[in-house]
Amino acid sequence: MTATNKYLVRVTLFGPLTLENHLGTVTETNAQPWLLLKYLLAHPGRDIPQTELDAALPIKGGANAARVRLSRLRDLLAPLGLEGKSGLVQAAGGVYRLNPRYTIETDAARITDLLARGRGEEALPLFRGPYLGKTPGPWAARLRLDWQRTFLALARDLMARPDLLPLLTQQAQAMAPEYTSLHRDLRARLEGDRPAPAPRDHAILSKLIIQEGEVFSVTAPSDRRPLQYEKRAEPDWTRAFQEKGLHGLLTEVARQIHRGTLRTRADSKLTRALRKALHTVGLEAFQAMGEEEAVKILVRLAEETLGQ
């Protein structure tokens, strides 16, 4: 093992966080300490002050809690020999950084390089899931949205390549499951037809997106009017959407309906879709179901109503 390889760490940021070096591979768990490493990896080459981390990754307990989180992160990195003060993550004087002695190769950097060189077909397989997976927080949500836009642009560029359509469809399910127009066009391409034009009144194809840490509804009343963005969901739904995407949000709201605790505005498209689905099931039948079964059925019907 050469010195160069000894200090090489390969990182996957699309989907679950994974680190690999000459000693093996580790994948993130649900432990909070991983958030610190994710933030540092998302801001390479920077020294991050404690105050910035406190704002982005709030934890209770102040400086002592921050030290505990760092200690636990280093324990998680121990199987790769990246623990300790001279390991991958360094902290001194209230500032955190990635140890510059290590060469860190990320899939995000690889994608950026390939796209800059016009080699999108090589970048496509690297879009294995949302950027930073289910990482909570507005900072992560903004980065996920930026990368999703990058993927959507790439998808449109590669849609004319029949040989890439199967992989493109698979990656689209992972990267942009809520973009119904993209999936409609991909399905049409796979079936050998031209992409179908948007229906004249396709409000049924309204989508929910995350932007700047808030949930928005995107509607297009007709094919001659521009898209309209409106804040639609209640604030307590935002976390479910950030962490689990549209299906997670639908599940959370469906559970609230089942428990009788739903709080929302009457004109919410999501709420109307869920209530329509509830009417289809029947109130008595719905109440007689167990929560797990009821949520599953209600989410499926709501997704169909939303055009997913």
**Asked** Of the residues that make up the range 72-82, is at least one over 24 Å from the mean Cα position of the chain (by Cα), under 19 Å from V11 (Cα atoms) and not in a helix (DSSP H, G or I)?
**Response** yes
**Prompt:** Looking at the range 84-115, which of its residues are over 23 Å from the mean Cα position of the chain (by Cα) and over 18 Å from R10 (Cβ atoms)?
**Reply:** G84, K85, S86, Q90, A91, A92, G93, G94, V95, Y96, R97
**Prompt:** Could you say whether any residue in the range 30-47 is assigned to a helix (DSSP H, G or I) and of a type in the set (F, W, Y)?
**Reply:** yes
**Request:** State which residue is surrounded by the fewest Cβ atoms within 10 Å (Cβ to Cβ) when the search covers only the range 75-126 and only residues that are within 30 Å of A176 (Cβ to Cβ) and touching a strand residue (DSSP E or B) at 6+ places or on another chain (Cβ under 6 Å).
**Result:** E105
**Pick from the range 99-108, criterion touching a residue at least 12 places away in the same chain (Cβ under 8 Å) and not aromatic (F, W, Y), ranking: nearest to L36 (Cα to Cα)** = N99
**Message:** Anything in the range 26-36 that is touching a residue at least 12 places away in the same chain (Cβ under 8 Å) and not small (G, A, S)? List them, or say none.
**Reply:** V26, E28, T29, Q32, P33, W34, L35, L36
**Message:** For A172, only one of the following conditions fails: (1) in contact (Cβ under 8 Å) with a residue 12 or more places away in the chain; (2) under 15 Å from the mean Cα position of the chain (by Cα); (3) within 30 Å of R46 (Cβ to Cβ); (4) not in a loop (DSSP other than H, G, I, E, B). What is its number?
**Reply:** (3)
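Read-outs throughout are calculated quantities, based only on the coordinates presented, and are distinct from any laboratory measurement. Just so it is clear, the structure is predicted and the values come from calculations on it, not from any experiment. Neighbour counts are summed over all protein chains in view; Cβ atoms, including those assigned to glycine, are modelled from backbone coordinates with ideal geometry.
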